Amino acid sequence: MKNRLFAMRGISCIFLSLFLFSAMGQNPIIKNQFTADPTARVFEGKMYLYTSHDIPSPIERLKEWFCMEDYHVFSSNNLVDWQDHGVIVSQDNVPWVAPESYSMWAPDCVYKEGKYYFYFPSTPGGEVMRGFGIGVATSDTPYGPFTPEENPIEGVSGIDPCVLIDSDGESYLYWSGRGMSVAKLKDNMLELDSEPIQIEGLPEGFKEGPFVFKRNDTYYYTFPWVREETETLAYATGDNPMGPFKFQGIIMEESPAGCWTNHHSIVEYENQWYLFYHHNDYSPDFDKNRSVRIDSLFFNLDGTIQQVIPTLRGVGNTPSIAQIQLDRYTDISTSGASIDYVNMENLFDGWKLIFNEKDAWSSYNNVDFSKTKNKEITAKVLSKTGGTLKISINNPNKGKSIVSELNVPSNSNWQEISVPLNKAPDGVNNIQVSLVNEGNLEIDWITFK
């Protein structure tokens, strides 16, 4: 299996700049390459996502470890459709980075006084490849091109940079490595303006990947934290950007699938807060290849963060004319329904929904029918036994109704079947698909036309 996954990961090395694809708001959101360590920022009214990029290692030293040689940036104005702006910084174009170090780990990007500053860690070149430096690249746009500085930031040794620009204009750099550190930045955003200090008030145990933001008058210091075996996402709060902070609790629990790392960012967009994080969805047997997810995040009245439960459905409305992946469900029956990969030779082909009991069902929320008057439904299905699918919609204002039934003849190959709708839905609806009879039936996707 592992050899197959390494071959599959090679596919992720080939893609086009400025590639626009429809992610349909489902997790994971980037579906043609591995992405990790997401830092989301709102620039110019759009969401920009800066990620590290896991690849198959071309050198023996990193065959079973993290291997990253460059960074991509993606953008979206609806958190559903993501544009890939291509590589913005690579180990090949940073003067101070050691060749073939493949250590372009978690980045950040901020905007100040007309310029975008991209912060990233890597291994410095020289006779002894030891430790990490943190460098800066600058651009006039959030998507580049970015020009790296000749040298890393002096006085900083570590990984996972995060920059907070406070409401008074002062800027702070946070990083991890030999503890969790913070220092003020000079106005040029390229040099320290204070000696680094250790963050106080955090729990014992391994911590990394700080992400700091301000909400009202409270500073939220959030971080991956190994409480038992793998990383949770946790947070502390304070009234000063340099601490001390008071530990508050867990944002997201450990992955039940055992993915060792998690890395995140938290951002508000159009009056809703979101948690960006990663998981090894496309690489279940090798957790050094990760993929970015999004879920909504909420605060309690006292300012504490409600724990986020990971979802497959993700966020945003899915257009009815898109290929709706029912395997990225909002809810699913407790028996008779399961998901699996469509193609075990290329996991980037995604997943399929499998029904093997009568009345098994899957529901998928927030399908937008408002832009087109749909007349039929098409499903890509496979069934060796044959079967009938019942498709229902549930409108919050109008209740639940059956809009079509789709008869699937027995066949050992995938087939696309279309049937008319009883009535054209309108507005935003939740949909449910269920198996009417006994049998075995697989669904890749459905769409409304």
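What follows draws every value from the coordinates through simple rules; no lab data is involved. Keep in mind the model is a prediction, meaning the values are calculated, not measured. Here the Cβ is made from the backbone with ideal geometry for all residues, glycine too, and neighbour counts use every protein chain on show.
The separation of the stretch 158-184 from the stretch 271-347, counted between C-alpha centres, amounts to 29 Å.
Local charge for Tyr143 was computed over the other residues whose Cβ lies under 11 Å away, with Lys and Arg +1 and Asp and Glu -1, and equals -2. Evaluated with a Cβ-only charge set (Lys, Arg +1; Asp, Glu -1), the stretch 2-297 carries a dipole of roughly 620 debye about its Cα centre, given to the nearest 20. If only the Cβ of Lys and Arg carry +1 and only the Cβ of Asp and Glu carry -1, the dipole of the stretch 82-220 around its Cα centre is close to 240 debye.
Quickly rank 86-97, 404-415 as a protection proxy: mean count of other C-beta atoms within 10 Å, highest first.
Result, highest mean first: 86-97, 404-415.
Each Cα pair under 8 Å and six or more residues apart adds its separation to the average, and for the stretch 318-448 the resulting relative contact order is 36 percent.
Based on the Cα atoms of the stretch 318-448, what semi-axes does the equivalent ellipsoid have, where each is the square root of 5 times one gyration tensor eigenvalue, given in whole Å with the largest first?
Details: eigenvalues 101, 49, 42 Å².
Over the Cα atoms of the stretch 318-448, the ellipsoid semi-axes are 23, 16, 14 Å.
Per the Debye formula on identical point scatterers at the alpha carbon atoms of the stretch 167-255, with no solvent, log10 I(q)/I(0) at q = 0.12, 0.13, 0.15, 0.22 Å⁻¹ is -0.36, -0.42, -0.55, -1.08.
Need the list of lysines near Lys390 for cross-linking: C-alpha distance under 27 angstrom, and skip anything on the same chain fewer than eight residues off. The reachable lysines, counting only those whose Cα sits under 27 Å from Lys390, are Lys352, Lys358, Lys371, Lys373, Lys375, Lys380, Lys398, Lys400, Lys423, Lys449.
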